[in-house]
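Each remark here refers to the structure printed beneath this line.
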Amino acid sequence: MRKRAAAVISAAFMTVGALAASPASAGEVGAQALSCKTSAGSTGGWAECTGSGKWRAKAVCNFEADLYSERVDQKSGTVRVYVPDCTFSIEKVVVELL
């Protein structure tokens, strides 16, 4: 009986963890119907989204504050935006839904 109860409780925790909200990131299709991809080089990069929604790209910089692209209110099609160059190096580019 204890083994069965432990299995049920364990399954419940795993289900709750799977349902927990996670922040949107590139490549996910969000509620705004966007599909995005990103690229980062040595100090800069870009984000490209297809679909519709409001978003912006964030450059996660090393040794300085993050930098942001202009905001995009995309109605359809594909839009690419470039993030401002980081001074030292860039870790990654992230798409933020607005």
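Using a 1.4 Å probe and counting only protein heavy atoms, arrange 97, 34 so the residue with the most accessible area comes first. Each step should come with its number before you reach the end.
Working: 97 65, 34 5 Å².
Descending order: 97, 34.
With +1 on the Cβ of every Lys and Arg and -1 on the Cβ of every Asp and Glu, and nothing else charged, how large is the dipole of the range 50-98 about its Cα centre, in debye rounded to the nearest 20? If you can, show how the numbers build up before the last one.
Numbers: 7 positive and 7 negative charges, 60 e Å.
Charge dipole, the range 50-98, about its Cα centre: 280 debye, nearest 20.
Sticking with the crude label model, points 7 Å out along Cα→Cβ, report the distance from residue 88 to residue 65 in nm, one decimal please.
Between residue 88 and residue 65, the simple spin-label model gives 1.7 nm.
Give me the accessible area of residue 60, 1.4 Å probe, in Å² rounded to the nearest 10.
Roughly 20 Å² of residue 60 is accessible to a 1.4 Å probe.
Are there GluC sites (Glu not before Pro) in the range 46-95 that DSSP puts in a loop and that have at most 12 other Cβ atoms within 10 Å, and which ones?
Passing both the DSSP loop test and the Cβ count: 64, 70.
The values are calculated or read from the model by the stated rules, or taken from the named source; none is laboratory data. Bear in mind the structure is a predicted one, so any value in this text is a computation, not a measurement. Cβ atoms come from the backbone with ideal geometry, glycine included; neighbour counts cover every protein chain shown. Each accessible area value is taken on the protein alone, full model and side chains, heavy atoms only, with ligands, DNA and RNA left out. Shrake-Rupley method; radii C 1.70, N 1.55, O 1.52, S 1.80 Å.
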